[in-house]
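These notes concern the structure reproduced below.
The values are calculated or read from the model by the stated rules, or taken from the named source; none is laboratory data. On a predicted model such as this, the values are computed, not experimentally measured, just so you know. Neighbour counts are summed over all protein chains in view; Cβ atoms, including those assigned to glycine, are modelled from backbone coordinates with ideal geometry. These accessible areas exclude ligands, DNA and RNA; they are computed on the full protein's heavy atoms, side chains included. Shrake-Rupley method; radii C 1.70, N 1.55, O 1.52, S 1.80 Å.
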Amino acid sequence: MMVNIAFSIYAIIFLALLIGSGFIAKKWVSDSDDFIIAGREISLPVNILGVVAIGFAGTSITLAPGFSVLYGIKGGIFWGVIYSLFGLLLYANLFADFIRRSGAQTLPEYFETRYDGKVRGLVAITSVIGMCGILANNIVSLSSIVSGYTGWPVFIITAVGFLVILIFATMSGMWATTITDFIQVTIGTIAVPVFLMILVRKYGGMEYFNTWLSGDWINQGLSGASLPGLSMKYPSVITFAILFGTALVWGNNYYWIKIASCRNEKVARKSYTIGSLYLIIVFMIPLSFIGIYAGTTMPETFTLAGGTIAHTAAYGVIARVITPLLGSVFIVGAAAAALSTSSTSAMGATSTATRDIYKRMINKNATPKETLKASKGIMALIILVTWGMTFFPGGPTYLFAFANAWLTPPAVLLLLGALWPRFNSRGAFWGVLSGMTTMIALTIAELTGTFVIGNWTHMAIVGFSVSLVVGVIAALSTSPKYYGISEWNIKANENNRKDIKLEAFDLKVLEMIRIGHQYLSDITDGLKVDSKISNESIERLDQGGYIERSGLVGSKFFTFSITKNGEAILPKLNENESRMMKEYLNSKYVDFLEIVLEDSYKVGKFAKDHDMGSLQMSSMISHLTRRGYIIEKGMFKRKVEITDKGKSIVSKYKNAKLA
């Protein structure tokens, strides 16, 4: 009784914090761009915690201690470290600059800029299904943890979990999720290490593990099993790297939007790097040792030693030996982890359904306000559908496999698209379709017992391999886009470009590049368009020799400079405009710097006076920050401060006006 009372009190306080955070952040959401990617305002400290929050999920709380019970401490730590390094750290250092500069708010949106609309549509629909699977998996994990501790019905816990996400996430979208991450990691940073310290004080240090059932708590689980290294059967070191380094992360839209929402690519890259190390030290290693304490203290409880409890329940099992007042805190911390990651999954699915399906296929002319309203309705629908998925036969294990069936093939498209200019839309379409079809068939076959691929390898590895092989073969069977042809030279001259008829929009793009907006993200945000539109313009300007890309691989693909031909077709500037342009400025930007110098709190009024949305402001502020005129501050909402260089610019042009 005391356990349930203590847990109920803590749970009510925590749920009130979540709902309250959604209510507070509601005033920060003025359009769908704020709802989906928080207006690209997420700071370094906040995104560090956001990255940690994704990793410190219900899955981590079950798998890290569980693998320790199954394979010894090495198994638990290896799983956590591999996910953190091969998943988060490698993803950041391969793709952070690339993703942030691309301007695409979602992964499927990028696929249209790199391939075509058919690939975007296919991946958008299937990605929503996959992310719903991950959302369902986290809620089911949450329900199992709480039910195992309190004895409450799983159905009731699941319903409450979805209801809470529905309330706070639909209020303010990415902002609500961001604040939730902050709360969740703060609780977890205290709860998990303290939980471990209490166990150390109660039972002693490593000498306590001498009674480990198999005799070797470092290398062997309770039954004497050790984690395989190079085996292609799951689990093993190599399958951990493949599954949690590519299947779960690279093809998953909510990892993409965590980068897309950052203030700049430096914030994105550093937050993932620091977050991955934070995750290992504060969560993965302590969780693995908590599993060892569970296996040492009550081995007879687990099925591995003849009991009835699965090894994945180790965290909840050992929490019962702690006084209810503290044990309930540790379980609420676990619930916080599951709810936070669940809301991120819901946000990833909602962003794709809104931007890549609703805006493209249902209401192409939707206003920002209409899109915002649609986003909230879509999120509610996704949560209701996902609730139904929690009844998926096979439980969390098959839910995770089900999600991987939809998310693994897009990882191949991301990798090949970023690193191989020759890869084209035919390869992308057939690669992703064949990979998904294969994995769906394997999931159904394993679920029905017809054929169990797990006896040889994990189905996500098969899906990745099929997508890669079929994609490459299909790509080589037809011509690539112009920049994938071997004869293409990124440096323009009169002999390697063609006559292109430019449109009015192309001139707007060219004017932005002339003033120093180097990245596609600046152009997409500044002109308030889908990156499909801005990318089509870039391709026309590139083929016509009016601009040049910095390179064809990685982030250089989305970095541009204007050529002499490009400057020649633009309207001539007067003397003052020409002077400003050489300093990467125009009259509006100078006016903004003057406002910041006089009163930085009037920045909001500047946006309103110039009818600028949140992403248009982001484009301008990012540009001025890169040029050293201002710096960005603020933990949550962005604040700007003018630099000495910016002050000299204001003084210079103010004196010019007086003269």
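Would you work out the Kirkwood radius for region 529-592? I mean one over the mean of 1/r across all pairs of different Cα atoms, in Å. Spell out each step's value before the answer.
Values: mean 1/r = 0.0741 Å⁻¹.
About 13.5 Å, per the Kirkwood formula over Cα pairs.
Report, to the nearest 10°, how far helix 504-514 tilts away from the longest principal axis of the Cα atoms in the chain, using its own Cα long axis and a range of 0 to 90°.
Between helix and principal axis, roughly 80 degrees.
By its C-alpha gyration tensor, with a ≥ b ≥ c as the square roots of the eigenvalues, how is region 31-162 shaped: rounded for a/c under 1.5, else prolate for a/b larger than b/c, else oblate? Show your work: numbers first, answer last.
Numbers: a/c = 1.99, a/b = 1.49, b/c = 1.34.
Verdict is prolate for region 31-162.
Set Lys and Arg Cβ to +1 and Asp and Glu Cβ to -1, take the dipole of the chain about its Cα centre, and tell me which of 485, 386, 402 lies farthest positive.
Of 485, 386, 402, it is 485.
Could you tell me what percent of the accessible area of region 582-659 is made up of carbon and sulfur, with a 1.4 Å probe and every protein chain present? Don't skip to the end; give the middle numbers.
On the way: 2160 of 4170 Å².
The computed percentage sits at 52.
Just to confirm the number: angle between the C-alpha axis of helix 395-419 and the first principal axis of the chain, 0 to 90 degrees, nearest 10?
On a 0 to 90 degree scale, this one is about 30.
Take the alpha carbon atoms of region 82-143, find their center, do the same for region 359-392, and report the distance between the two centers in whole angstrom.
18 Å
Just to confirm a number: summing +1 for Lys and Arg and -1 for Asp and Glu over residues other than residue 46 whose beta-carbon lies under 13 angstrom from that of residue 46, what do you get? Walk me through the numbers before you get to the answer.
Working: positive: 40, 258, 263, 270, 633, 637, 638; negative: 41, 181, 632.
Taking every other residue near residue 46 into account, the sum is +4.
Over region 114-263, what percent of the accessible surface lies on carbon and sulfur atoms, probe 1.4 Å? The partial results should precede the final answer.
Details: 3380 of 4760 Å².
Ligands and nucleic acids excluded, carbon and sulfur give 71 percent.
Under a straight-distance cross-link criterion of Cα-Cα below 14 Å, which aspartates and glutamates are reachable from residue 118, leaving out those fewer than 8 residues away in the same chain?
Result set, ordered by chain and number: 109, 356.
Here is the link list: 26/647; 491/532; 501/605; 501/647. Which ones come out longer than 32 Å on Cα distance?
Working: 26/647 34 Å; 491/532 24 Å; 501/605 39 Å; 501/647 41 Å.
Check vs 32 Å cut-off fails for 26/647; 501/605; 501/647.
Got a sec? What order do 507, 585 fall in by accessible area at 1.4 Å, biggest, i.e. largest, first? Could the numbers behind the result be given before it?
Working: 507 60, 585 5 Å².
Descending accessible area places them as 507, 585.
Of all accessible surface on region 416-491 at a 1.4 Å probe, what whole percent is carbon and sulfur? Could you put the intermediate results ahead of the total?
Working: 2390 of 3510 Å².
The nonpolar share, carbon plus sulfur, comes to 68 percent.
Give me the net charge for the shell around residue 472: Cβ to Cβ below 15 angstrom, other residues only, Lys and Arg +1, Asp and Glu -1.
Net of charged neighbours comes to +2.
Based on alpha-carbon centroids, what's the gap between region 490-551 and region 309-329 in Å, whole number please?
If we compute the Cα centre of each part, the gap is 58 Å.
Separation of region 10-31 and region 595-651 by C-alpha centroid, Å?
28 Å
Mind putting a number on the dipole of region 206-345 about its Cα centre? Charges go on the C-beta only, +1 for Lys and Arg and -1 for Asp and Glu, and I need it in Debye to the nearest 20. List each step's numbers first, then the result.
Numbers: 7 positive and 4 negative charges, 134 e Å.
Dipole magnitude for region 206-345 comes out near 640 debye.
So, with +1 on the Cβ of K and R and -1 on the Cβ of D and E, and no other charges, what is the size of the charge dipole of the chain about its Cα centre, to the nearest 20 debye? Each step should come with its number before you reach the end.
Numbers: 58 positive and 42 negative charges, 199 e Å.
Roughly 960 debye, rounded to the nearest 20.
Please give the per residue accessible area of the chain, computed with a probe of 1.4 Å over protein heavy atoms only, in Å². Spell out each step's value before the answer.
Numbers: 24780 Å² over 659 residues.
Counting only protein heavy atoms, the per-residue value for the chain is 38 Å².
Excluding residues on the same chain fewer than 8 positions from residue 633, give the aspartates and glutamates whose Cα lies under 13 Å from its Cα.
Straight-line reach from residue 633, under 13 Å: 41, 641.
Mean separation of Cα pairs under 8 Å and 6+ residues apart, divided by the residue count of the chain: what relative contact order is that in percent? Please list the in-between numbers first.
Details: 1166 pairs, mean separation 144.6, N = 659.
Averaging sequence separation for qualifying contacts and normalising by length gives 22 percent for the chain.
Rounding to the nearest 10 and keeping the result within 0 to 90°, find how far the Cα-based axis of helix 459-476 lies from the longest principal axis of the chain.
30 degrees
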